[in-house]
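Here is the structure we will look at, set down as structure tokens.
What follows draws every value from the coordinates through simple rules; no lab data is involved. Nothing here was measured: the structure is a model prediction, and the numbers come from that model. Cβ: placed from backbone, ideal geometry, glycine included. Neighbour counts: every protein chain shown.
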């Protein structure tokens, strides 16, 4: 099953939650939502051989890439 990870410090704001709800209802996407890159990377380390798509806030992109390289 395809996994979707969304990392955004403002993931729980009204606009983002509307997107999550829409995508889950219309396309049966299942999201794991994270406020920080560290939380997301901890979760990613538990995934084994499953296709995963990551949506990340532009503000966190460089932080995520650097942390990902160090921890994975």
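Kindly indicate whether residue 33 is touching a strand residue (DSSP E or B) at 6+ places or on another chain (Cβ under 6 Å) and surrounded by 11 or more Cβ atoms within 10 Å (Cβ to Cβ). Judged against the criteria, residue 33 is a match. Contact map, the stretch 40-51: residues that are closer than 15 Å to residue 1 by Cα paired with residues that are in a helix (DSSP H, G or I), Cβ distance under 9 Å, separation 6+ or inter-chain. Pairs shown: 44/68; 44/71.
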